[in-house]
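Engineer: Have a look at this one.
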């Protein structure tokens with residue numbers, strides 16, 4: 001018997017990511033919205049029996065998918081799903097990407113978890129050992145910090161981007177140029193927030209939390225964090241669970 005074919009879509013602010021599930025989760029694909037196309041989603045003339053979407057892009061998704069199609073499920077944040085309970089007083093206010101990422105995290109690792117999405121914004125959510133969400137924080141992401149400090153036209157932003165490739169660990173965090181200093185300041189702010197969340201969760205659970213990172217800037221944070229790993233497809237993994245399938 002052939003497994004049901006699912007198309008899973010993580011529609012973010014700046015990029016869209018997708019993968020197919022047919023008995024198992026396939027590789028994640030990614031595109032900027034400017035380059036996104038239906039042809040890319042359905043490469044190889046694949047046909048989806050159901051489509052699950054975590055959408056925080058607003059109407060952009062309508063250029064790729066007919067969301068009125070009966071086989072399309074636009075996932076929403078809930079009080080409880082996939083072994084995770086939501087701490088928000090009004091769960092509908094939580095971005096669905098954060099919600100589904102927590103479900104994906106819960107089914108990727110056991111124990112207390114700090115779930116970090118380092119994208120346009122930095123979001124950090126804390127799950128205890130039982131999958132209870134203890135709350136989260138949101139801060140500007142790395143590029144948003146640079147933009148607010150320098151403006152979008154400053155060439156110093158390019159220097160800071162280049163510095164990101166050179167600074168890899170604690171010993172090199174002290175900057176010796178303006179570009180590196182701007183990068184370091186932004187990076188330290190983000191890393192400190194994640195570390196603070198991990199310390200909070202460790203105190204609450206009396207355990208050593210694991211940090212799971214996703215998002216475009218996860219690779220910059222990883223070298224400066226302990227007990228951490230990148231799981232780039234956390235949202236897509238969560239969508240598998242929401243669809244009632246197994247990873």
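Engineer: Applying the selection to the range 229-238, what residues are touching a residue at least 24 places away in the same chain (Cβ under 8 Å) and in contact with a helix residue (DSSP H, G or I) (Cβ under 6 Å, 6 or more places away or on another chain)? Before the answer, list the steps.
Structural biologist: Going residue by residue through the range 229-238, those that are touching a residue at least 24 places away in the same chain (Cβ under 8 Å) are 231-238.
Selection gives 234, 235, 237, 238.
Table: residues versus (1) buried (at least 22 other Cβ atoms within 10 Å of the Cβ); (2) more than 19 Å from residue 123 (Cβ to Cβ); (3) assigned by TED's automatic domain parsing to the domain that holds residue 100; (4) at pLDDT below 95.
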site: 202; (1), (2), (3), (4): no, yes, no, no
site: 205; (1), (2), (3), (4): no, yes, no, no
site: 208; (1), (2), (3), (4): no, yes, no, no
site: 213; (1), (2), (3), (4): yes, no, no, no
site: 216; (1), (2), (3), (4): no, no, no, yes
site: 225; (1), (2), (3), (4): no, no, no, yes
site: 239; (1), (2), (3), (4): yes, no, yes, no
site: 243; (1), (2), (3), (4): no, yes, yes, no
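Engineer: Just the residues that are outside any helix (DSSP H, G or I), exposed (fewer than 14 other Cβ atoms within 10 Å of the Cβ) and free of Cβ contacts under 8 Å to residues at least 24 places away in the same chain, please, taken from the range 25-41.
Structural biologist: 27, 32, 34, 35
Engineer: Give the residue that is surrounded by the most Cβ atoms within 10 Å (Cβ to Cβ), with candidates limited to residues of the range 166-200 that are out of contact with any helix residue (DSSP H, G or I) (no Cβ under 9 Å at 6 or more places or on another chain) and modelled with pLDDT of 65 or more.
Structural biologist: Ranking the qualifying residues of the range 166-200, first place goes to 198.
Engineer: Exactly one condition in (1) exposed (fewer than 15 other Cβ atoms within 10 Å of the Cβ); (2) out of contact with any strand residue (DSSP E or B) (no Cβ under 6 Å at 6 or more places or on another chain); (3) closer than 16 Å to residue 244 by Cβ is not met by residue 71; state its number.
Structural biologist: Unmet condition: (2).
Engineer: Right, another one. Taking the range 51-73, which residues are within 15 Å of residue 17 (Cα to Cα) and part of a strand (DSSP E or B)?
Structural biologist: Within the range 51-73, 51, 52, 53, 54, 55 qualify.
Engineer: Now a separate question. Just to be sure before I move on: is residue 51 over 19 Å from the mean Cα position of the chain (by Cα), closer than 19 Å to residue 74 by Cα, at pLDDT 95 or above and surrounded by 15 or more Cβ atoms within 10 Å (Cβ to Cβ) in the structure I sent?
Structural biologist: Working: over 19 Å from the mean Cα position of the chain (by Cα): yes; closer than 19 Å to residue 74 by Cα: yes; at pLDDT 95 or above: yes; surrounded by 15 or more Cβ atoms within 10 Å (Cβ to Cβ): yes.
When the stated conditions are applied, residue 51 passes them.
Engineer: Okay, moving on. Is at least one residue of the range 46-61 without any contact (Cβ under 8 Å) to a residue 12 or more places away in the chain, out of contact with any helix residue (DSSP H, G or I) (no Cβ under 9 Å at 6 or more places or on another chain) and within 22 Å of residue 243 (Cα to Cα)? First the steps, then the outcome.
Structural biologist: Start the filter on the range 46-61 by keeping residues that are without any contact (Cβ under 8 Å) to a residue 12 or more places away in the chain, which leaves 58-59.
With out of contact with any helix residue (DSSP H, G or I) (no Cβ under 9 Å at 6 or more places or on another chain) added as a condition, the list becomes 58-59.
Checking the rest, the ones that are also within 22 Å of residue 243 (Cα to Cα) come to 58.
So far as the range 46-61 goes, yes, one or more of its residues are without any contact (Cβ under 8 Å) to a residue 12 or more places away in the chain, out of contact with any helix residue (DSSP H, G or I) (no Cβ under 9 Å at 6 or more places or on another chain) and within 22 Å of residue 243 (Cα to Cα).
Engineer: Restricting to the range 128-146, give me the number of residues that are touching a helix residue (DSSP H, G or I) at 6+ places or on another chain (Cβ under 6 Å) and within 17 Å of residue 234 (Cα to Cα).
Structural biologist: Count: 1.
Engineer: Just checking, which of 105, 92, 101, 87 is outside any strand (DSSP E or B), at pLDDT 95 or above and loosely packed, with under 14 Cβ neighbours inside 10 Å?
Structural biologist: After ruling out the rest, the residue left standing is 92.
Engineer: Consider residue 124 carefully, then state whether it is crowded, with 17+ Cβ neighbours inside 10 Å, touching a helix residue (DSSP H, G or I) at 6+ places or on another chain (Cβ under 7 Å), modelled with pLDDT of 95 or more and in the same structural domain as residue 244 (by TED's automatic domain parsing). Step through it out loud before you land on a result.
Structural biologist: Details: crowded, with 17+ Cβ neighbours inside 10 Å: yes; touching a helix residue (DSSP H, G or I) at 6+ places or on another chain (Cβ under 7 Å): yes; modelled with pLDDT of 95 or more: yes; in the same structural domain as residue 244 (by TED's automatic domain parsing): no.
When the stated conditions are applied, residue 124 does not pass them.
Engineer: Name the single residue, out of those in the range 137-151 being surrounded by fewer than 20 Cβ atoms within 10 Å (Cβ to Cβ) and touching a residue at least 60 places away in the same chain (Cβ under 8 Å), that is nearest to residue 91 (Cα to Cα).
Structural biologist: Residues of the range 137-151 that are surrounded by fewer than 20 Cβ atoms within 10 Å (Cβ to Cβ), as a first pass: 137-140, 143-144, 147-151.
If we keep only those that are touching a residue at least 60 places away in the same chain (Cβ under 8 Å) too, we end up with 137, 143.
On the way: 137: 15, 143: 28 Å.
This residue is 137.
The values are calculated or read from the model by the stated rules, or taken from the named source; none is laboratory data. Quick caveat, the model's predicted, so the values are computed rather than measured. Heads up, the Cβs are rebuilt from the backbone with ideal geometry, glycines too, and the neighbour counts pull from every protein chain shown.
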